[in-house]
Structure formats: C-alpha cells, structure tokens
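Below is one structure, written out as structure tokens; comments come after it.
The values are calculated or read from the model by the stated rules, or taken from the named source; none is laboratory data. Please read these numbers as outputs of a predicted model, since none were measured by experiment. Counting neighbours? That spans all protein chains shown, and the Cβs are built from the backbone with ideal geometry, glycine included. With ligands, DNA and RNA removed, areas are computed over all heavy atoms of the protein, side chains included. Shrake-Rupley method; radii C 1.70, N 1.55, O 1.52, S 1.80 Å.
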Amino acid sequence: MSESGDVKAAVRARVAEVREELLTLSRRIHAHPETAFQEHRAAGWCAEVLRGHGFTVTAPAYGLATAFEARTGAGPVTVALACEYDSLPGMGHACGHNLIAAAGIGAALALAPHVDELGLTLRVLGTPAEESGAGKALLLDAGAFAGVDAAMMIHPCPFEVADFRSFAMGSLDVTYTGRSAHAAMNPQDGRNAADALTVAQVALGLLRQQLPSEWKVHGIATEAGTALNAIPERARASYALRTPSVEELRELRGRVEDCFRAGALATGCGIDLVQPSPDYLDFRSDPGLVALWTANARELGRPEPEVRGPFASTDMGNVSHAVPSIHPVLDIGSGPSGPHQPEFATAAATPAAERAMLDGAVGLAWTAADFALGRRA
C-alpha cells in the first residue's frame, strides 16, 4: 500500500476508535445550545477532548473568551481545522454546529499520530459566533490564521456540495428616536418612531423591485413601542444584506441606509445606524482542495455533490479570502428541512447526521493528508 494509503487506512481506523467520544461531544453540544460569544461549555468540552489526546491547548485565544486553539506537530505545512459550536437564538442547533465541532475534532484526533510523517503542523481553531458576530473575521484580524497553508471545515445540509459558494453578508442595526405623547389626548405632540420604521420597511419593499435577484434584504423589528395608547418614542430593527460579492454589498448597504433615513425624514425622528459586526465576505473555494475533497468523499461513498450557487453566508468566507479553504456541505438526511428551521435542529442529532459527521471527520483528515503530501512532493 502507498504511503498515502497507509495513512488513510490508519485515519479511518482512528476515527472508528474515537467514535463514541465524538458522538458524546456532538450530543452534549446539541443538548446545551449556546448563542454567539456565550459558548463557554461547548468550547470547554472541545478543548478538554483535545487536551486529553495530547494537543497543546490555548483557551481562551486571540482575545475571544469562547475561542480556543489546539496545536500538534511542527512540520512545514500548516493546516487549520475550524470548529463552530454556536447555536441560533430560540432555535437551538438548527444549523448543526454540534456536528461541525465534532467533525473537526475527529479529523484532528485522526491526523495527530501522523503529523511527523506528513510534515504537518496541525491547528484546531474553536471559532465562536458564526451565526452573528463574525467570529472568524475577528480571529483572522487577530492573527489566528497567520501562516496557515489551508483551512478546512464541513457543514451539515439537506444536500451535498463540494465547491461551496456563499453570499457576502452585512449587518445593520437601526434605532429611531421620536417623542412620546398620549395617543388620544395630544398625538400632535408626538414623533412616532414605529411609523419611521414602517416607512423604511415600505421603502425597502419598493426597493426590492429594482434589485438584482441575487441581492437579499431581510430583518426583524426588535422594538416598536410598549403601550398601545402612547406614541412610540423608540423603535429598533436589525437587518441583514446579502450579495454575491463584497463589492456589491457596499452598494446595497448605501441604498438600504437611504431607505432607513427616509423613515426618519418622513416622521421627524432621529436615527442611528450601526454596523454591529464585520461584513461576512463571499466564500471562495480553493479548486485544488475541492478536487482532493471530492475524490475522498467519493471514496467514502458520499452522495455525488451538487453544483449550486450561493445559498447562505458564513464568516469562513473571510478566511477564504486570506487562506486557501474548503467548506463542503454534507447531506444529513433532513429531508425538506434545512438550516435555520426547527426541524433541522432535530435532524442534527439523528443517526444519519452522526454518520455524516464521522464521514466528515475522515474526509477532512484525508484531504489534509493529501494536501500535506502534495506540498511535500
């Protein structure tokens, strides 16, 4: 058997050995969902597993309380495995990040015995706040991916994609400040902040008619008054903007902000526009890594990958602009339900999902090994 074949056989056997440990980790994270920057238990459980297997662990890391970094090996080729573990507010693990964390750690445990023969330096990065907060963008700025030759992770989905593409995404929070007044006795003295938000939402609805079909604007009102007989003096909303590229995102942001300003102008309210987190850049898969992953996924018997355009956003996009990266998505057998639906949270703890997670661990490890051997050749 070739050197690559020897390593791959050993990796597959190693994932089988640690199977129960990975399933336990995934199930614990799933049963105890924690939202962005609050993932103290999940980060701690991941770090505990890695530390128990001889990794050098730094936690917290890079200025983020729920980030960690684990290292092993000192070879000339550096591969980073990204582990997400945050959940969605009110929906638990409806994006399946419990599976992402377990797959990344499984790949690391399987690769660890072979780092010297592969010439590999292996980093496992616990990356908080993917759902909101752009944790990977913050980690990138803090130097977490400095010196990395390839970055990898998997993501659960209701279908299989190797060459993943994502939308660029920006966030926008708006606060209107008006003046309260009795709604019957002296409404003329009020300045209705909720009406300002209504005007803005109408303007956004009209704007959508002239936007390219790939441009998305969506959000929620988070405050719009507290008493029906008082003119609302404050209204708040949070919106997301998506485009195929970051260049288009800048144009869309300007047009959306003008819609919100129109609400303030029409009602005489004050306005405060804030970008609460860094922009999520569009994900750009590395073709060489995609080819390696695709061959390995076929060897594992995964479904043939589909070709799809952008359908989501991720802060792994920011990493992909700086480091060759892959972000394949794996079918977990969730049927018609997809990420950010309650049914997907249930699906993320099923046997089918756990099989996909274990395949993901093997596939990531095989791809990292192929990449390291290719760089060494």
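Structure summary
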{"quantity": "Selected residue (only one of 74, 112 is open to solvent by 10 Å² or more (accessible area, probe 1.4 Å), farther than 18 Å from residue 146 by Cβ and small (Gly, Ala, Ser))", "calculated": "112"}
{"quantity": "Enumerated helices (runs of 4 or more DSSP H) restricted to the range 1-107, each holding at least 3 residues that are farther than 30 Å from residue 143 by Cα and not aromatic (Phe, Trp, Tyr)", "calculated": "3-17, 19-31"}
{"quantity": "Residues being in contact with an Asp or Glu (Cβ under 8 Å, 6 or more places away or on another chain) and within 19 Å of residue 308 (Cβ to Cβ) - total across the range 337-371", "calculated": "2"}
{"quantity": "Pair list, Cβ < 9 Å and 6+ apart or interchain, from the range 22-38 residues that are charged (D, E, K, R) to residues that are surrounded by fewer than 18 Cβ atoms within 10 Å (Cβ to Cβ) and not in a loop (DSSP other than H, G, I, E, B)", "calculated": "28/41; 34/40; 34/41"}
{"quantity": "Candidates 345, 352 - the one that is more than 21 Å from residue 18 (Cα to Cα), open to solvent by 10 Å² or more (accessible area, probe 1.4 Å) and among the aliphatic types (A, V, I, L, M)", "calculated": "345"}
{"quantity": "Any hit, the range 213-225, residues being open to solvent by 80 Å² or more (accessible area, probe 1.4 Å), under 19 Å from residue 177 (Cβ atoms), of a type outside the set (Val, Ile, Thr) and in contact (Cβ under 8 Å) with a residue 40 or more places away in the chain", "calculated": "no"}
{"quantity": "Residue check for residue 330: buried (at least 17 other Cβ atoms within 10 Å of the Cβ), within 19 Å of residue 82 (Cα to Cα) and of a type in the set (A, V, I, L, M)", "calculated": "yes"}
{"quantity": "Hits in the range 128-167 - residues which are within 24 Å of residue 311 (Cβ to Cβ), in contact with a Gly (Cβ under 7 Å, 6 or more places away or on another chain) and of a type in the set (A, V, I, L, M)", "calculated": "129, 153, 154"}
{"quantity": "Filter result for residue 202 (free of Cβ contacts under 8 Å to residues at least 60 places away in the same chain, of a type in the set (Val, Ile, Thr) and in a helix (DSSP H, G or I))", "calculated": "yes"}
{"quantity": "Given (1) free of Cβ contacts under 8 Å to residues at least 12 places away in the same chain; (2) assigned to a strand (DSSP E or B); (3) not basic (Lys, Arg), number of the condition residue 156 does not satisfy", "calculated": "(1)"}
{"quantity": "Tally, over the range 173-199, of residues that are free of Cβ contacts under 8 Å to residues at least 12 places away in the same chain and of a type in the set (A, V, I, L, M)", "calculated": "1"}
{"quantity": "Qualifying position, being of a type in the set (A, V, I, L, M) and open to solvent by 20 Å² or more (accessible area, probe 1.4 Å), among 235, 150, 230", "calculated": "230"}
{"quantity": "Yes/no for residue 338 being out of contact with any Gly (no Cβ under 9 Å at 6 or more places or on another chain), more than 14 Å from residue 154 (Cβ to Cβ) and of a type outside the set (Val, Ile, Thr)", "calculated": "yes"}
{"quantity": "Test: residue in the range 162-170 that is more than 27 Å from residue 284 (Cβ to Cβ), in contact with an Asp or Glu (Cβ under 7 Å, 6 or more places away or on another chain) and open to solvent by less than 30 Å² (accessible area, probe 1.4 Å)", "calculated": "no"}
{"quantity": "Flag for residue 311 being modelled with pLDDT under 95 and aromatic (Phe, Trp, Tyr)", "calculated": "yes"}
{"quantity": "Complete set of residues in the range 24-60 that are open to solvent by less than 70 Å² (accessible area, probe 1.4 Å) and within 18 Å of the chain's Cα centre (by Cα)", "calculated": "26, 29, 30, 33, 34, 35, 36, 39, 42, 43, 46"}
{"quantity": "The range 256-308: number of residues that are at negative phi, part of a loop (DSSP other than H, G, I, E, B) and not acidic (Asp, Glu)", "calculated": "14"}
{"quantity": "Residue count for the range 282-301, restricted to those that are in contact with a Gly (Cβ under 9 Å, 6 or more places away or on another chain) and open to solvent by less than 40 Å² (accessible area, probe 1.4 Å)", "calculated": "6"}
